[in-house]
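Chemist: This is the structure I have questions about; it appears just below.
The values are calculated or read from the model by the stated rules, or taken from the named source; none is laboratory data. This is a predicted model, so every value here is computed, not measured. Here the Cβ positions follow ideal geometry from the backbone for every residue, glycine too, while neighbour counts run over all protein chains shown. In case anyone asks, the SASA skips ligands and DNA or RNA and just uses the protein heavy atoms, side chains included. Shrake-Rupley method; radii C 1.70, N 1.55, O 1.52, S 1.80 Å.
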Amino acid sequence: MPVTFAQGMAALNEEERKVNKSSRARLQGAWQMALEEVFGARATEMLAHTEVRGSFGGSLRVTCDSPALAHELGKVKKQTLLAKLRDFLAGKETLLGLDVRTGKSQS
């Protein structure tokens, strides 16, 4: 049955939203596992102060509401976290970098 151009675009947008949601959920899960692996008991507290925004240009972008925590995650532990993230996402996502920024989380 023929459909209008607008209906076709709406269906395409809906499919793209589903893919983006699953990708973001996958990235969030990998972020949580990486924090737990690297920080152990502190991971729960860190998760409360961080939010995965998505993958932009191959880098995982995370916002953090604490400048000190953003520095620890984005500078001090960056390579360790990135290695864990790559292990957890092997075959599903390719990460080139980790970008932790200070900002308000929406959680």
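Chemist: Select the strands (runs of 3 or more DSSP E) contained entirely in the range 2-107, then report the ones holding at least 1 residues which are open to solvent by 70 Å² or more (accessible area, probe 1.4 Å) and either among the basic types (Lys, Arg) or on the phi > 0 side of the Ramachandran plot (or both). So that I can check it myself, show each step before the final result.
Modeler: Working: elements: 50-56, 59-64, 97-102.
The qualifying strands (runs of 3 or more DSSP E) are 50-56, 97-102.
Chemist: Please state which one of Ala43, Ala48, Ala30 is more than 18 Å from Phe88 (Cβ to Cβ) and among the small types (Gly, Ala, Ser).
Modeler: The match here is Ala48.
Chemist: Related question: How many residues does the range 1-23 hold that are at pLDDT 85 or above and either under 17 Å from Arg86 (Cα atoms) or of a type in the set (A, V, I, L, M) (or both)?
Modeler: Total satisfying the criteria: 1.
Chemist: For the range 51-96: of the residues being modelled with pLDDT of 95 or more and of a type in the set (Ser, Thr, Tyr), which is nearest to Ala30 (Cα to Cα)?
Modeler: Thr80
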